[in-house]
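Here's the structure we're looking at; comments come further down.
The values are calculated or read from the model by the stated rules, or taken from the named source; none is laboratory data. These numbers were taken from a predicted model, which means no experiment stands behind them. Reconstructed Cβ throughout: ideal geometry from the backbone, glycine too, with neighbour counts over all protein chains shown. Protein only, heavy atoms only, side chains kept; ligands, DNA and RNA dropped before computing areas. Shrake-Rupley method; radii C 1.70, N 1.55, O 1.52, S 1.80 Å.
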Amino acid sequence: MPVCEKAYAKINLVLAVTARRTDGYHELQTIYQNLTLHDTLQLTSLAEDKIILTCDDPSLPVGPDNLVWRAAERLKRFFRISRGVHIKLQKRIPVAAGLAGGSSDAAAVLRGLVRLWHLPQDWEELIQLAAELGSDVPYCLFGGTALGTGRGEKITTLAPCPHFYVVLANPGFKVKTAEIYHSLTEADLEPGYDLTPMLRALACGDRNGIVANLSNTLEAAAFRLSPAIRTLKDKLAQKAPSLMCGSGPTVFALFTAQEEAEEAALSLRREGTAVWLTETISQPTAGGE
Ligand code: ATP
């Protein structure tokens, strides 16, 4: 029996880069939030010891360069599994867009293979495997609303964010996360960033407080490299409170009213911008089928 998993996109309501680390990573304080926009993965066990990945997006690699393949290989090695797996990946989340598509797919593979092969649900081990695959992967194992510290891999689950309609707008080019982090200057860093107002707003379900405290340190570097991202954000911000997603280049806007979100999405689409209308989701990891 194949196992299905949904891999949800995420935004960061806050992404504060507080310091550079000696290991090349950066120290973060971030608040992750899942969206209903998702990829779908179907996993079928194979008697033969091999990993076959098929994907409906021909631009993506289907070997070790795909995080899905790497997640399967890493988990097989860890649990010494000599069976194989065929993974069918249906992409919906735009690629290299700051929405953690690859990370979410990798986490879905870890969850899915644990179910497919009835492996022990040792979350500490799985979080460790996830962190080796990428800084966002531990969050994607659980999803929902969560605080990330360290390089983003140390996760504390938070009370669910109140519901928002979310308009995502993408300027039509890809951004390399490493390039954005590299071009951060000392002046861009926010060493004393105080998450308290956002955490308080989330704890109280205070929508006004949440939108007033949206913040992303990486915007400065991304806007310098690609002014088109700032132009798109400025346009979206005329409709609703907006922020760049992760390392960009997608920009999101939060709406409480569905009609306003639909109207904003429509007007951007008419101008030729790639737009997705989605929603926040509170408890997504019951995404398996
Ligand atoms: P993050 O927000 O975690 O930095 P992102 O959303 O900006 O990630 P991804 O969509 O994960 O970026 O893609 C980043 C790169 O990873 C792309 O260049 C892509 O080729 C590669 N990649 C590997 N596996 C996947 C996958 N399953 N889905 C999307 N991209 C993948």
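Candidates are the residues of the range 216-231 that are within 14 Å of Gly172 (Cα to Cα) and within 16 Å of the ligand (Cβ to nearest atom); the one that is surrounded by the most Cβ atoms within 10 Å (Cβ to Cβ) is Ile229. For the range 28-35, check the following and say yes or no: at least one residue is more than 16 Å from the chain's Cα centre (by Cα) and modelled with pLDDT of 95 or more. Looking for residues that are more than 16 Å from the chain's Cα centre (by Cα) and modelled with pLDDT of 95 or more, one finds none in the range 28-35, hence no.
Looking across the range 38-52, the residues that are surrounded by fewer than 21 Cβ atoms within 10 Å (Cβ to Cβ) and part of a strand (DSSP E or B) come down to Thr40, Gln42, Thr44, Ser45, Leu46, Ile52. Each residue in the range 255-273 was checked for being within 12 Å of Tyr165 (Cβ to Cβ) and either in the same structural domain as Ala96 (by TED's automatic domain parsing) or open to solvent by 10 Å² or more (accessible area, probe 1.4 Å) (or both), and 7 pass.
For the range 61-72, the set of residues classified as closer than 19 Å to Pro2 by Cβ and either open to solvent by 50 Å² or more (accessible area, probe 1.4 Å) or more than 10 Å from the ligand (Cβ to nearest atom) (or both) consists of Val62, Trp69, Ala72, listed by residue number. Within the range 1-14, if we keep just the residues that are assigned to a strand (DSSP E or B) and either open to solvent by less than 10 Å² (accessible area, probe 1.4 Å) or modelled with pLDDT under 95 (or both), the residue that is farthest from Leu89 (Cα to Cα) turns out to be Val14.
The helices (runs of 4 or more DSSP H) found entirely in the range 76-181 that carry 2 or more residues being in contact (Cβ under 8 Å) with a residue 60 or more places away in the chain and either within 16 Å of the ligand (Cβ to nearest atom) or over 14 Å from the mean Cα position of the chain (by Cα) (or both) are 101-116, 137-142. Restricted to the range 15-33, and to residues there that are of a type in the set (Gly, Ala, Ser) and surrounded by fewer than 16 Cβ atoms within 10 Å (Cβ to Cβ), the residue that is nearest to the ligand (Cβ to nearest atom) is Gly24.
The residues in the range 182-198 that are open to solvent by 70 Å² or more (accessible area, probe 1.4 Å) and either not assigned by TED's automatic domain parsing to the domain that holds Leu218 or not in a loop (DSSP other than H, G, I, E, B) (or both) can be counted, and the count is 3. Of everything listed in (1) among the β-branched types (Val, Ile, Thr); (2) exposed (fewer than 14 other Cβ atoms within 10 Å of the Cβ); (3) under 15 Å from the mean Cα position of the chain (by Cα), the single unmet condition for Thr250 is (2).
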